[in-house]
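The values are calculated or read from the model by the stated rules, or taken from the named source; none is laboratory data. As the structure is a computational prediction, the values presented were derived from the model and not from experiment. Cβ placement follows ideal geometry from the backbone for every residue including glycine, while neighbour counts extend to all protein chains displayed. Note: areas computed on protein heavy atoms with side chains; ligands, DNA, RNA excluded. Shrake-Rupley method; radii C 1.70, N 1.55, O 1.52, S 1.80 Å.
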Amino acid sequence: MERAIKLQVRKELDGKQQSNIIKLKGTLISKGYTEIIHISDQDDEFHINSFETKVEASHEVKEFIQDFIIKENLTNTISVLVK
């Protein structure tokens, strides 16, 4: 069974933030956490990036994302939406 994970990503990003967001998404795919990430508009300020991952990997994925956010100083740029 798959579990959906949603990320809220700020639309207005500088070059470094954009690069880091692309790096995060590429790493999620290359680590095999997902195959595709869907992007939709939330409002004028944010996009929603969503993807499915295996239920047994969802906690690991969320930890990876949180660690990445802290390491790359993206706390005001991207966040995991909790269901």
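Close Cβ contacts (under 6 Å, 6 or more residues apart or on different chains) running from residues in segment 45-68 that are closer than 18 Å to L13 by Cα and modelled with pLDDT of 95 or more to residues that are surrounded by fewer than 16 Cβ atoms within 10 Å (Cβ to Cβ) and of a type in the set (S, T, Y) comprise I48/S40. Of the set (1) in contact with an Asp or Glu (Cβ under 8 Å, 6 or more places away or on another chain); (2) touching a residue at least 12 places away in the same chain (Cβ under 8 Å), all apply to I29 but (2).
Taking the condition β-branched (V, I, T), open to solvent by 30 Å² or more (accessible area, probe 1.4 Å) and on the phi < 0 side of the Ramachandran plot, does I22 pass? So I22 passes the test.
Taking I29, is it within 15 Å of A4 (Cβ to Cβ) and modelled with pLDDT of 95 or more? Here the answer is no, as I29 does not meet what is asked. Do we find that A4 is part of a strand (DSSP E or B) and modelled with pLDDT under 95 in this structure? Yes; evaluated as a whole, the condition is true for this residue. For segment 7-25, what are the residues that are in a strand (DSSP E or B) and over 10 Å from the mean Cα position of the chain (by Cα)? Result: R10, single match.
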